[in-house]
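Asks: Sharing a structure here in structure tokens format.
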Amino acid sequence: MVPMSKRIGAEFLGTMWLVLGGCGSAVLAAAIPSVGIGLLGVSLAFGLTVLTMAFAIGHISGCHLNPAVSIGLWAGGRFPAKDLAPYILAQVAGGIAGAAILYLIASGKAGFDIGSGFALNGYGAHSPEGYSLTAALISESVMTFMFLLIIMGATAPAAPAGFAPIAIGLGLTLIHLISIPVTNTSVNPARSTGVAVIAGGWAVQQLWLFWLAPIAGAIVGGSVYRWLGSAPRK
């Protein structure tokens, strides 16, 4: 068993990279005139952060990088309850660290507006395309539900060995392709908290949804896959 200190260190660094890489692609590279990477590029960037970290630290901590994933894996019988608190604290701290680094870079450009240009998650007036609170709640819950199904299925003992990071990374890419217009895509309370803490204001006021919905979706997703995976094989 890898010592807890190394596991939470890996979760801290992995979540820092997820926020710096994923949110950084949105803040620094998405809107460059004529060469911006756009929605497709940002979606792929988030998937690549998880894919690269899954290969880098998956053998150390399991590469959760997300409080909802840790809680969903617990609901699915794959993670002990006693390890939830240290993992979640490390993930949130890593998310804040990644957002702080991103702010130091982004604020070096004249005209930077942290309130509208920091990959913040929101609903209503703060949704990228004006989606309601209800739409945001459904989107975040369902997308996290599906993410847990992908994670648990790809890492199941019967799944093809060595391909889990690819399936999980592409799964997160697809989730972003679907839901960036709705909420800027969270499915990860640590990702949302990192940028919200740095930005403050409305992002903190709306942060509750980006904890509640992903965790609820993850618990249901983990529980459903636990039931699916327990089916007897013929």
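Asks: Please find the FRET efficiency linking L212 to K6, where r is the Cβ-Cβ separation and R0 is fixed at 45 Å, and quote it to the nearest 0.05. Mind showing how you got there, number by number?
Replies: Working: r = 31 Å, r/R0 = 0.69.
According to the calculation, E is roughly 0.90.
Asks: With every protein chain present, what is the per residue accessible area of the chain (1.4 Å probe, Å²)?
Replies: On the way: 10540 Å² over 234 residues.
With all protein chains present, the chain gives 45 Å² per residue.
Asks: If you don't mind, another one. Can you give the local net charge around L102? Use residues other than it whose beta-carbon is closer than 13 angstrom to its beta-carbon, Lys and Arg +1, Asp and Glu -1.
Replies: Values: positive: K109, R191; negative: none.
Charge balance near L102 sits at +2.
Asks: Same structure again: Can you give me the % of accessible surface on the chain that is carbon or sulfur? Probe 1.4 Å, all protein chains present, nothing else counted.
Replies: Values: 7550 of 10540 Å².
The nonpolar share, carbon plus sulfur, comes to 72 percent.
Asks: So, one more: So if we plug the beta-carbon distance of F55 and I105 into 1/(1 + (r/R0)^6) with R0 = 25 Å, what FRET efficiency do we get, rounded to 0.05?
Replies: Values: r = 25 Å, r/R0 = 1.01.
Step by step, r from the Cβ atoms, then E = 0.50.
Asks: Sticking with this structure for a sec: Would you please classify the overall shape of region 53-98 from the alpha carbon gyration tensor, given that a ≥ b ≥ c denote the square roots of the eigenvalues, rounded means a/c under 1.5, and beyond that prolate means a/b larger than b/c while oblate covers the rest?
Replies: Numbers: a/c = 2.05, a/b = 1.24, b/c = 1.65.
Taking the square roots of the gyration eigenvalues as a ≥ b ≥ c, region 53-98 is oblate.
Asks: Would you tally the net charge around H176, using a Cβ to Cβ cut-off of less than 15 Å, leaving H176 out, and scoring K and R as +1, D and E as -1?
Replies: On the way: positive: R191; negative: E129, E140.
Counting the neighbours of H176, the net charge comes to -1.
Asks: Same structure again: Which of rounded, prolate or oblate describes region 94-139 when judged by the alpha-carbon gyration tensor and an a/c cut-off of 1.5?
Replies: Details: a/c = 5.08, a/b = 1.83, b/c = 2.77.
Oblate, since a/c reaches 1.5 and b/c is not below a/b.
Asks: On to the next question. Rounded, prolate or oblate: which fits region 62-131 when a ≥ b ≥ c are the square roots of the eigenvalues of the alpha-carbon gyration tensor, with rounded for a/c under 1.5 and prolate only if a/b beats b/c? Please report the intermediate quantities before stating the final value.
Replies: On the way: a/c = 4.31, a/b = 1.80, b/c = 2.39.
Here region 62-131 falls in the oblate category.
Asks: How many nm is it between the label spots at A156 and S223, if each spot is 7 Å from the Cα in line with the beta carbon?
Replies: Between A156 and S223, the label points sit 1.9 nm apart.
Asks: Net charge around T193, counting only other residues with Cβ within less than 15 Å of its Cβ (Lys, Arg = +1; Asp, Glu = -1)? Intermediate results must be reported in sequence, preceding the final value.
Replies: Working: positive: R191; negative: E11, E140.
Result for the neighbourhood of T193: -1.
Asks: Shifting gears a bit: Which of S25, S192, S132 moves most in a GNM of the chain, Cα contacts under 10 Å?
Replies: So, out of S25, S192, S132, the one fluctuating most is S132.
Asks: For a quick check of your reading of the filter: which chymotrypsin sites (Phe, Trp or Tyr not before Pro) in region 96-173 sit in a DSSP loop and have no more than 11 other Cβ atoms within 10 Å?
Replies: Values: sites: Y103, F112, F118, Y123, Y131, F145, F147, F163; in loops: F112, F118, Y123, Y131, F163.
Sites meeting the loop and neighbour criteria: F163.
The values are calculated or read from the model by the stated rules, or taken from the named source; none is laboratory data. This one's a predicted model, so the numbers in the text were calculated from it and none came from an experiment. So basically every Cβ, Gly included, is an ideal-geometry build from the backbone, and we count neighbours across all protein chains shown. Quick note on the areas: whole protein, heavy atoms, side chains included, nothing else; ligands and nucleic acids left out. Shrake-Rupley method; radii C 1.70, N 1.55, O 1.52, S 1.80 Å.
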